[in-house]
């Protein structure tokens, strides 16, 4: 069974799931999450720039701006530095599952006031809701006031305060003194935290080898890419894998000036990946809104390229949220051997001019195309 099928099977289960194969399909600039920081603190080291990213993509939070900078981004230079220098990174990983319920009628009752009388705790009865403390439920479709609470206050996202398997509390930002039971007609969308842990990624500097290593007839530099995962609530609780990545010593594509383009990769005990089309990154500085295709990789059972197991398309986009600071988004869409979408990996790079000399990966999001809509976020 190939790895794409294993991934699809694992992430189709409405239960705790494994992560041993989380990153085997990624061909991004840093080849898959985990390197969201340069040390063990994970997102704690990137708080300022993550806040800017979150506020910039939010529809409700006022935008936060970074300090002024004079950025000039060359993705080709960025790529060359990582190929030659390698990196060691650690990130905090959280994995979620989603489930929707349409047009429910929910037994609901206000139980107490909170926030110095500015909010009200409502007990909602939803049999077998599966939510735990801290999970998020988004309520929508409410179009009638309940008791004296305007319906708009219910159409929002709330943190679940679990009472038992069939009921939980939410805190609605409206104070009411009434305590009558009523029926809430609504749609519910749950965001379940299914797994949490850390991921450490190490990529060695890409070196020439003795004897010389060739791939598709071209001399290559070889880097070893390892991932160590440690989880709570996942199965297995720990997992690791190793990938060898091959970078051309001389760009084999006429007219392309990118140094050390990726030619392919081999997952130990897994698939072999080879670039079907040109792997390329712009050598000139990029501006807001620029986007393009970096390359397409085909996956096979072995290096003889006889049995196709899947493919991945890699693209880039420059997202600009302030007048002087930008974010770089690298996306990898992975498909199985029937060309059905399996997952989309998005890596976001950013820089705080007051803190960071270079751009760094601040968030990786992996979204799976399965009934549970599993999502992994690494910061």
Next on the checklist: Given the criteria assigned by TED's automatic domain parsing to the domain that holds residue 80, in contact with a helix residue (DSSP H, G or I) (Cβ under 8 Å, 6 or more places away or on another chain), surrounded by 18 or more Cβ atoms within 10 Å (Cβ to Cβ) and assigned to a strand (DSSP E or B), does residue 221 qualify?
Outcome noted: yes
Checklist outcome for this item: When segment 275-286 is checked residue by residue, the ones that are surrounded by fewer than 19 Cβ atoms within 10 Å (Cβ to Cβ) and out of contact with any helix residue (DSSP H, G or I) (no Cβ under 8 Å at 6 or more places or on another chain) are 276, 277, 278, 284, 285
Next on the checklist: Please go through segment 201-224 and give me each residue that is more than 15 Å from residue 248 (Cα to Cα), more than 19 Å from the chain's Cα centre (by Cα) and touching a residue at least 40 places away in the same chain (Cβ under 8 Å), ordered by number.
Outcome noted: 203, 204
Checklist entry - Taking segment 244-271 as the region of interest, how many residues are surrounded by fewer than 19 Cβ atoms within 10 Å (Cβ to Cβ) and part of a strand (DSSP E or B)? => result 1
Checklist entry - Which one of the conditions (1) touching a strand residue (DSSP E or B) at 6+ places or on another chain (Cβ under 8 Å); (2) under 25 Å from residue 340 (Cα atoms); (3) surrounded by fewer than 19 Cβ atoms within 10 Å (Cβ to Cβ) does residue 289 fail to meet, given that it meets all the rest? => result (2)
Checklist entry - When residues of segment 302-319 are filtered for being within 16 Å of residue 335 (Cβ to Cβ) and out of contact with any helix residue (DSSP H, G or I) (no Cβ under 7 Å at 6 or more places or on another chain), how many remain? => result 7
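Taking residue 296 as the residue in question, decide whether it is surrounded by 13 or more Cβ atoms within 10 Å (Cβ to Cβ) and in contact (Cβ under 8 Å) with a residue 24 or more places away in the chain. Even if it seems obvious, please write down each step before you answer.
Numbers: surrounded by 13 or more Cβ atoms within 10 Å (Cβ to Cβ): yes; in contact (Cβ under 8 Å) with a residue 24 or more places away in the chain: no.
No: the conditions fail for residue 296.
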Checklist entry - Are any residues in segment 147-177 touching a strand residue (DSSP E or B) at 6+ places or on another chain (Cβ under 7 Å), within 12 Å of residue 112 (Cβ to Cβ) and not in a strand (DSSP E or B), and if so, which ones? => result 175, 176
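The values are calculated or read from the model by the stated rules, or taken from the named source; none is laboratory data. Keep in mind the model is a prediction, meaning the values are calculated, not measured. A quick note on method: Cβ atoms are made from the backbone with ideal geometry, for glycine too, and the neighbour counts reach across all protein chains shown.
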